[in-house]
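Visitor: Just dropping this structure here.
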Amino acid sequence: MHPVKLQLALDEVAPGSLETIPAAHRLLSNGANRDDLTQLARTSAYEAAFGLLYRLTAYGQDDDAPDDYPGWRLVETTAAGELTGRAVQSLHESLLTMDPSGREGQDLFE
């Protein structure tokens, strides 16, 4: 996990970690609400992860590329790294179920 994202995720258990991000520090210094800023960071991280997982596993082709350009596919392998022949699909659909709080992201959009 990227250190900045880890710091944002840890802000509740490690007070002050939000201040290590210069833009967040400036906003907090100017009176921004800590909870709102944390919520914004969490929601932005979720949206980025969702978009990446969707793009990797949903359809495997760049919409702007010509039809004859190659695409991609995320595939499953065995523990030894051999291909199983099965594609990994729809990872974005599992993202909310992996919420460590157990709330399945319900608080992200409140």
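Visitor: What number of residues within segment 63-109 are of a type outside the set (Gly, Ala, Ser) and within 18 Å of the chain's Cα centre (by Cα)?
Guide: As a first pass, look at segment 63-109 and keep what is of a type outside the set (Gly, Ala, Ser): 63-64, 66-70, 72-78, 82-84, 86, 88-89, 91-93, 95-100, 103-104, 106-109.
Okay, now just the ones that are also within 18 Å of the chain's Cα centre (by Cα), so 74, 88-89, 91-93, 95-100, 103-104, 106-109.
Result for segment 63-109: 18.
Visitor: Let me ask you something else. Taking the options 93, 104, name whichever one is in contact with a helix residue (DSSP H, G or I) (Cβ under 8 Å, 6 or more places away or on another chain), surrounded by 10 or more Cβ atoms within 10 Å (Cβ to Cβ), under 30 Å from residue 37 (Cα atoms) and free of Cβ contacts under 8 Å to residues at least 24 places away in the same chain.
Guide: Values: 93 fails: in contact with a helix residue (DSSP H, G or I) (Cβ under 8 Å, 6 or more places away or on another chain).
After applying the criteria, what remains is 104.
Visitor: Every residue in segment 79-109 that is at positive phi and modelled with pLDDT of 90 or more, please.
Guide: The initial filter retains those residues of segment 79-109 that are at positive phi, namely 81, 85, 90, 102, 104-105.
Within segment 79-109, 81, 85 qualify.
Visitor: Can you confirm whether segment 32-49 contains a residue that is without any contact (Cβ under 8 Å) to a residue 60 or more places away in the chain, in contact with a Phe, Trp or Tyr (Cβ under 8 Å, 6 or more places away or on another chain) and either surrounded by 10 or more Cβ atoms within 10 Å (Cβ to Cβ) or part of a helix (DSSP H, G or I) (or both)? Full working, then the answer.
Guide: The initial filter retains those residues of segment 32-49 that are without any contact (Cβ under 8 Å) to a residue 60 or more places away in the chain, namely 32-38, 40-41, 44-45, 47-49.
If we keep only those that are in contact with a Phe, Trp or Tyr (Cβ under 8 Å, 6 or more places away or on another chain) as well, we get none.
No, segment 32-49 has no match at all.
The values are calculated or read from the model by the stated rules, or taken from the named source; none is laboratory data. All values reported here derive from a predicted model rather than from experimental measurement. Cβ sites come from the backbone with ideal geometry, for glycine too, and all protein chains shown count toward neighbours.
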